[in-house]
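All remarks here apply to the structure that follows.
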Amino acid sequence: MLAAGGLLCFAGAGGPANSANVAVRTVLDEQASAWNRGDVDGFLAGYWNSDQTVFAGSQGITRGWQALKERYRKSYPDRKAMGTLTFSDLEVTVLCPDAALALGKWHLDRESGPIGGVFSLVLRQFPEGWRIVADHTSVVPEAAPARAQ
């Protein structure tokens, strides 16, 4: 039993949980594909288009889908700045039939140098599908190369 967002949820194993797991992974696959096409709007389609959507990162907390869109447009003004996005080590935990937690790593290969880190996402299922309602993304510096001795 889990209390999430004021709702009492019972996480169970099996069919619905597996379906939700696949759906959440599909959202992230579609986001990476859109990003790698240079399609910021397509990438943002994975987020809940609401004033209640929240993003936490190194620049603080951004509230609302429109503010998130402006943040991405400012941080990634063109295809060159966007680079190529990959997600890895994805773990999806279904919290209840209409909510899930996704943890993973992200990596951008770009001309200005690679960057990457970790993320935790809370997703909810809406009539239009699964959407990210809360995103906490952190940069994790690459391990320093070993020094020659």
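With the largest listed first and rounded to whole Å, the semi-axes of the equivalent ellipsoid of region 8-139 from the Cα gyration tensor are 25, 16, 13. Summed over all non-identical Cα pairs, the Kirkwood treatment of region 42-116 gives a radius of 14.1 Å. With both partners inside region 8-139, how many of the DSSP beta bridges are antiparallel, as a percent to the nearest 5? Around 90 percent antiparallel, to the nearest 5.
The phi torsions of region 129-137, fed into the Karplus equation with coefficients 6.51, -1.76 and 1.60 and a -60° offset, translate into couplings of x, 6, 9, 6, 9, 8, 9, 10, 10 Hz, rounded to whole numbers, with Gly and Pro shown as x.
What you get for region 87-147, charging only the Cβ of Lys and Arg (+1) and of Asp and Glu (-1), is a dipole of about 120 debye around the Cα centre. Between ARG37 and LEU101, the simple spin-label model (points 7 angstrom out along Cα→Cβ) gives 3.3 nm.
Between HIS136 and SER19, the distance separating the two model label sites (each 7 Å from Cα on the Cα→Cβ line) works out to 3.0 nm.
Taken together, the values in this text are just the output of simple stated rules run on the coordinates, not laboratory data. The structure presented is a predicted model; accordingly, all values stated were derived computationally and were not measured. Reconstructed Cβ throughout: ideal geometry from the backbone, glycine too, with neighbour counts over all protein chains shown.
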